[in-house]
Amino acid sequence: MKLAFEVNGERRTVETSPWKRLLDVLREDLRLTGTKEGCGEGECGACTVELDGEVVNSCLVAAGQCDGRRIVTVEGLARGGVLHAVQRQLVACGGAQCGICTPGIAVCAAHVVDRGLIAGCDDATARAKIRDLLAGNICRCTGYQLIVDAVIAAAREVAPGTEGAR
Amino acid sequence: MTAYLRPRDLDEALAARAAHPDWMVLAGATDLMVNANHRAAPTGILDLWRLAPICFVRAADGEIAIGAGATWLEVERDAAVCTHLAPLAAAAREIGALQIQARATLGGNVGTSSPVGDSLPVLLALDAELEVASVRGRRRVPYREWCTGYRTTRLAADELIVAAHLPLPGPTTRTVWRKVGTRRAQSISKVMGAAAITLDGDVVIDARVALGAIADRPVRIAAVEAAVRGQRLADAAHAARAAVGPAIQPIDDVRSTASYRREVAENLVARFFHGMMQRADR
Ligand SMILES: Cc1cc2nc3c(=O)[nH]c(=O)nc-3n(C[C@H](O)[C@H](O)[C@H](O)COP(=O)(O)OP(=O)(O)OC[C@H]3O[C@@H](n4cnc5c(N)ncnc54)[C@H](O)[C@@H]3O)c2cc1C
Ligand code: FES
Ligand code: FES
């Protein structure tokens, strides 16, 4: 089928099987290799992208289901060469080590921050919520603490509910 | 080459379902696309993802109707569900993690009909009815009659699930859901269950108690329901614990041993009634 959809704000078209995983369309057809495959089973979150404004595992989305939809990948987080606050803070706080989980963490964390999902929470509540919201993103390196620190720092930087501070 | 259809409305979906019974019915794809790159492509895909007429959560006439296409994220964010159907909201919050909840649908959980489907004991305990449709018409199936065996259901080859209808629990009915797994997110239940307990003061008038992961399908535990009727809550907790063991046949598998599951099921069921005791006091 001919798949026409919006990826990181650009209209893209791809000739593909409707059964192909969105993950493979992104990596192979569009050469957007920032999105990683960890498990291919929906367990690890390395392949996380936004689909119509919600975070999903791109290994569990069929290409056909993306026709006419809006996708944001890790490549779409930075604007005009400036990293998203979450990306800057993952670097600053040491929230990325080997890096395989990092694109998925960045997409999910940017979603959490930009949607204001921890807005107005005190520090302890925000930390608990971040762990809950990012529970589908497995990281074998950092022990999570530094990732949580990075999301907290990014949320402070970005005004909730705005596209903000990119 | 895999055919693909995204129907515009339910009639088109039902016509396609009747014309192509061999096509894969795909919703959030969180069951069907696991390891999809290693699996044979289907002949065709009937894509129900975001099919508007089945994507709703609607409170009306003493019930809440949840469209088969509603995601668990939509269910857990719905104010009426959180207020009146707390066990369903609780189950929704523990299905996978955020990325799964954003895609996984009620219709998919009911369609897969796994013994570990987390919403299924809730549908049993709340005495839900399923609405299914085909080109032949619509019908309602009480959820307690839906599961016919391990991952098999009463869905006919030309039918689609439209919605689940959940009657609102009465003012003296308390409801509860609890899951035991290795961790809260992304974990397949070792044992989980739900109960709807109708009280007169602290006396149990009636109870529906359902468990998952302890048989080939989600089940109501009639022996427990009978044992607690007419008992005060404190006694009901003991009676429930004693009744559940002989009534279930949990299995040994990679996730747990049968004896562990049995013990957890006993504690779980006892706690349903103990928990009510604290709430009845308040
Ligand atoms: C990492 C991970 C974690 C998970 N954790 C949990 C968990 O904690 N608890 C739990 O219960 N489940 C869990 N699941 C399983 C899955 O997410 C749920 O069963 C979910 O509700 C399936 O919904 P779906 O829309 O994605 O289904 P799909 O995969 O799209 O479909 C599943 C089945 O239902 C059928 N179907 C779907 N909609 C209809 C309809 N309207 N009419 C007829 N048939 C239909 C399909 O044909 C298919 O047979 C998990 C899955 C993954 C990958
Ligand atoms: S690769 Fe998709 S969740 Fe792991
Ligand atoms: S940084 Fe290595 S898995 Fe997270």
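The values are calculated or read from the model by the stated rules, or taken from the named source; none is laboratory data. All values reported here derive from a predicted model rather than from experimental measurement. So basically every Cβ, Gly included, is an ideal-geometry build from the backbone, and we count neighbours across all protein chains shown.
Residue-level analysis places A:Ile100 outside the set of residues that are without any contact (Cβ under 8 Å) to a residue 60 or more places away in the chain and within 16 Å of ligand 3 (Cβ to nearest atom). The test for being surrounded by fewer than 18 Cβ atoms within 10 Å (Cβ to Cβ), in a loop (DSSP other than H, G, I, E, B), touching a residue at least 12 places away in the same chain (Cβ under 8 Å) and not assigned by TED's automatic domain parsing to the domain that holds A:Val107 holds for A:Glu41.
Scanning the range A:14-38 for residues that are more than 9 Å from every other protein chain (Cβ to nearest Cβ) and touching a residue at least 40 places away in the same chain (Cβ under 8 Å) gives A:Val14, A:Thr16, A:Leu22, A:Val25, A:Leu26, A:Leu32, A:Gly34, A:Thr35, A:Lys36, A:Gly38. For B:Ile64, the requirement of being touching a residue at least 12 places away in the same chain (Cβ under 8 Å) and either touching a Phe, Trp or Tyr at 6+ places or on another chain (Cβ under 6 Å) or within 16 Å of ligand 3 (Cβ to nearest atom) (or both) is not met. Against the test of being closer than 28 Å to B:Gly96 by Cα, touching a residue at least 40 places away in the same chain (Cβ under 8 Å) and within 14 Å of chain A (Cβ to nearest Cβ), the options B:Ile54, B:Ile45 yield a single qualifying residue, B:Ile45. For the structure I just gave you, tell me whether A:Glu54 is under 16 Å from B:Gly28 (Cβ atoms), charged (D, E, K, R), within 13 Å of the chain's Cα centre (by Cα) and crowded, with 21+ Cβ neighbours inside 10 Å. Judged against the criteria, A:Glu54 is not a match.
Note on the range B:90-136: residues that are acidic (Asp, Glu) and more than 10 Å from ligand 1 (Cβ to nearest atom) amount to 3.
Restricting B:Arg208, B:Arg241, B:Arg255, B:Arg217 to those that are assigned to a strand (DSSP E or B) and crowded, with 16+ Cβ neighbours inside 10 Å reduces the list to B:Arg208. With respect to the conditions (1) under 19 Å from the mean Cα position of the chain (by Cα); (2) part of a helix (DSSP H, G or I), B:Ala164 falls short on a single one, namely (2). Within the range A:120-137, residues that are within 16 Å of ligand 3 (Cβ to nearest atom) sit with their Cβ atoms under 6 Å from residues that are assigned to a helix (DSSP H, G or I), at 6+ positions apart or across chains, in these pairs: A:Ile130/A:Val148; A:Ile130/A:Val151; A:Leu134/A:Cys108; A:Gly136/B:Leu98; A:Gly136/B:Gln99; A:Asn137/A:Gly104; A:Asn137/A:Ile105; A:Asn137/A:Cys108.
With respect to B:Ala128, is the statement that it is crowded, with 24+ Cβ neighbours inside 10 Å, more than 16 Å from ligand 2 (Cβ to nearest atom) and within 27 Å of B:Ala16 (Cβ to Cβ) true? Judged against the criteria, B:Ala128 is a match. For the range A:1-13, the count of residues that are within 13 Å of chain B (Cβ to nearest Cβ), within 19 Å of B:Thr30 (Cα to Cα) and either in contact with a helix residue (DSSP H, G or I) (Cβ under 6 Å, 6 or more places away or on another chain) or in a loop (DSSP other than H, G, I, E, B) (or both) is zero. Residues of the range A:75-105 that are crowded, with 24+ Cβ neighbours inside 10 Å and either within 14 Å of chain B (Cβ to nearest Cβ) or over 14 Å from the mean Cα position of the chain (by Cα) (or both): A:Gln89, A:Gly95, A:Cys101, A:Pro103, A:Gly104, A:Ile105. Here B:Leu14 qualifies as assigned by TED's automatic domain parsing to the domain that holds B:Ile100, farther than 28 Å from B:Leu98 by Cβ, not small (Gly, Ala, Ser) and not in a strand (DSSP E or B).
Table: residues versus (1) surrounded by 21 or more Cβ atoms within 10 Å (Cβ to Cβ); (2) under 16 Å from B:Ala128 (Cβ atoms).
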site: B:Phe56; (1), (2): no, yes
site: B:Ala80; (1), (2): no, yes
site: B:Thr83; (1), (2): no, no
site: B:Glu94; (1), (2): yes, no
site: B:Gln99; (1), (2): yes, no
site: B:Val110; (1), (2): yes, yes
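As a summary of the residue check, B:Arg154 satisfies the conditions (1) assigned by TED's automatic domain parsing to the domain that holds B:Leu130; (2) surrounded by 19 or more Cβ atoms within 10 Å (Cβ to Cβ) except for the one numbered (2).
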